[in-house]
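First up is the structure itself, then whatever we jot down about it.
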Amino acid sequence: MLLVDIAMLLFALWLSFSLRLGQFYLPDREVILLFLIGPVIAIPVFIKSGLYRAIIRYIGFKALWTIIKAVSLYAIIWSAIVFLSGINGVPRSVTLINWLITILLIGGSRMIARWWFTGIEINNPLENNIKKNVAIYGAGSAGMQLASVLEYSKEYKPVLFIDDKQDLHNTNINQLSVFAPSELEKLIDTFSLDYVFLALPSASHSARKTIIQSLERYPVHVRTLPAMAEVADGKIRLEDIKEVELEDLLGRDPVEPDEKLFDQCIKGKSVLVTGAGGSIGAELCRQVISRQPASLVLYEVSEVHLYKIEQELGRLIAQEEIDIRLIPVLGNVIDADRVSRVVKTYNINTIYHAAAYKHVPMVEYNVTEGVKINALGTYTVANAAKTHNVDNFILISTDKAVRPTNVMGASKRFAELVLQGLAKEACNTTFSMVRFGNVLGSSGSVVPLFREQIKNGGPVTVTHPDIIRYFMTIPEAVQLVIQAGAMGAQGAGGDVFVLDMGEPVKITELAQKMIRLMGFSVKDSENPDGDIEIHFSGLRPGEKLYEELLIGDNAIGTSHPRILRAEEEAYSYQEIIAFVEKLKDILVQEDSQQLIALLVEVVNGFQPSAEIQDVLWRGSKTKASVINLKEKQ
């Protein structure tokens, strides 16, 4: 590059004189010195400007601007030397002509070299066979950035744009033609398309859902860019391209939060989050931090999870330069002394109780531990809140608490009843609970499992052909939890809030969508030559075909369109205390049979799974306890 630039500089000077004088110019001895001075001035300027650090095949238009500035500085210095030297025979206009020609030669040589190297890569038959042809859906700024990134990828080759805007059809952007979405079917064969990349980071959830649904029927692998807010610095990178997520398939646009509700229980207050390292607890902590509490206590039983969330929040506080005291506390929610001491020491105003065992099969196999954490743990933290006059206590509940068929759901309904009972006793704490269904991205989520199974060639395992579930993103769920908790603080306490989860999702259809969007076909009786088979493994212990959010039909609206208030029967304070004392005695004995019998007695509609009943039957010394249990059901 250095040698080529020296040659170009000398040639530019000779051509400048020749064009100005209109003849084949031969310089005399004095002018030859000016020719030799040119590279001596220019090369140090070019080095300092970074012209020799750029990799030619990846050079862009930003580098051209650097070249223009470097050549301009060289031209000014050379012109000054020419005029100060007083050498005759150098027309003034030569300096301007030399500047223009040098820019064209130095910049042009690099663009030609870039085109040459890129052409070798594109026309390399070995690499061309490896690259997958990509159609970019969206010819806006994100699509153009993505096309530029893919141009240098060894895995993907951009071949065309697809866009809904009619004025862009039959035009060329970045040397790629723009087509209408209706032409995609024939384009797949014409261009041998393997992928469609969605470059629509600013599109709404509902718009993305419509587009994704329209692409399902085509035999191409659909991937997408995240929302622009998630793309670092607004610049598209190859690693930003991801698989279509379930939130893209749900297509529900978020409702703007009520700022007053958001701040009511948090801003300027001392907040405690139990289970702070879990998926829900961690997001609670992030959103609590954004509302600027005076202090945030992270209560977590897992040292690893506590360390991770404390480090993440510490960085966030430092970046935002917020004055918040962050206190990580290791502890178990059933440790009454520990919980009470923490609540008192840090003068807690608001508690978000997210600590729980949530996996249905795991709790089904570990009955006493599940009930101990979910039911007794809730009572322990709630009682500490009542004793130390905490203003607000919000329980994170679950749709599985409604007419439960598993121990996890029954233990969470027990926890709800505990709060409803405590709310009936005069105290300074307002107790409320928020009930919702499955959240996307939590541990054990079905979507990553399906994706991994599809990548491995299947089969995709679904428990039952008719199973349905409600889904919501973790940030949306937590946002609604905070607002619902504030609504509870405005009431008398004991409120059960239910989140509007949108339309239910049939898990079999979800699996089929994911298979097709990853570029495969479903193998079934109608299509025996398909790629991926769906295998039905049977319902797991305690699992229901569908979940409910309401025990009865008594639900009333609130000021928020996605938050309902449920009116449900509850026990008195004295009854709840009696049940809790009985629960403590049973847990000391670790008697699963008595524990299930107590849950059946307390939780209306609880029907233990067949697996639990078998365990009880085999484990009982007499059949009497199980017979009584079945009679209560």
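The values are calculated or read from the model by the stated rules, or taken from the named source; none is laboratory data. Quick caveat: nothing in here was measured; it's all calculated off a predicted structure. Glycine gets a Cβ as well: all are built from the backbone with ideal geometry, and neighbour counts include every protein chain shown.
Worth a mention:
- Residue in the stretch 108-122 that is exposed (fewer than 15 other Cβ atoms within 10 Å of the Cβ), modelled with pLDDT under 85, more than 38 Å from the chain's Cα centre (by Cα) and not in a helix (DSSP H, G or I) present: no
- A Cβ distance below 6 Å, combined with a sequence gap of six or more or placement on separate chains, defines the contacts here; from the stretch 90-119, residues that are closer than 17 Å to LEU51 by Cβ reach residues that are outside any helix (DSSP H, G or I) and of a type in the set (Val, Ile, Thr) in the pairs ARG110/ILE59; ARG114/ILE59.
- Residue count for the stretch 396-425, restricted to those that are of a type in the set (S, T, N, Q), touching a residue at least 60 places away in the same chain (Cβ under 8 Å) and not in a helix (DSSP H, G or I): 3
- On inspection, ASN374 qualifies as more than 20 Å from ILE507 (Cα to Cα), crowded, with 23+ Cβ neighbours inside 10 Å and in contact with a Lys or Arg (Cβ under 6 Å, 6 or more places away or on another chain).
- Residues that are at pLDDT below 90 and either touching a His at 6+ places or on another chain (Cβ under 7 Å) or hydroxyl-bearing (Ser, Thr, Tyr) (or both), drawn from the stretch 256-289: ASP258, SER279
- The stretch 350-370, residues that are assigned to a helix (DSSP H, G or I) and of a type in the set (A, V, I, L, M): VAL360, MET362, VAL363, VAL367
- Test: ARG223 is at pLDDT 85 or above and part of a strand (DSSP E or B): yes
- Residues in the stretch 313-343 that are at positive phi and either touching a residue at least 60 places away in the same chain (Cβ under 8 Å) or in contact with a Pro (Cβ under 9 Å, 6 or more places away or on another chain) (or both): there are none.
- Among the residues examined, THR102 does not qualify as surrounded by fewer than 18 Cβ atoms within 10 Å (Cβ to Cβ) and either closer than 30 Å to ALA70 by Cβ or modelled with pLDDT of 85 or more (or both).
- Helices (runs of 4 or more DSSP H) lying entirely in the stretch 271-349 (those with 2 or more residues that are among the hydroxyl-bearing types (Ser, Thr, Tyr) and under 22 Å from ALA385 (Cα atoms)): 336-345
- Selected residue [more than 54 Å from the chain's Cα centre (by Cα) and not in a helix (DSSP H, G or I)] from GLY89, GLY38: GLY89
- From the options ILE348, ILE324, residue that is over 24 Å from the mean Cα position of the chain (by Cα), of a type outside the set (Ser, Thr, Tyr), at pLDDT 95 or above and closer than 24 Å to VAL481 by Cα: ILE348
- Across the stretch 491-518, the qualifying residues are those that are surrounded by fewer than 19 Cβ atoms within 10 Å (Cβ to Cβ), in contact with a strand residue (DSSP E or B) (Cβ under 9 Å, 6 or more places away or on another chain) and at pLDDT below 80, and the one among them that is farthest from GLU425 (Cα to Cα) is PRO504.
- Hey, PRO561 modelled with pLDDT under 80 and under 26 Å from VAL481 (Cβ atoms) or not: yes
- Every test in (1) aromatic (Phe, Trp, Tyr); (2) part of a helix (DSSP H, G or I); (3) more than 23 Å from ILE596 (Cα to Cα) is passed by PHE393 save one, and that test is (2).
- Long-range neighbours under 6 Å by Cβ, at least six apart or interchain, first residue over 11 Å from ASN98 (Cβ atoms) and surrounded by 14 or more Cβ atoms within 10 Å (Cβ to Cβ) within the stretch 12-32, second modelled with pLDDT of 85 or more and of a type outside the set (D, E, K, R): TYR25/SER18
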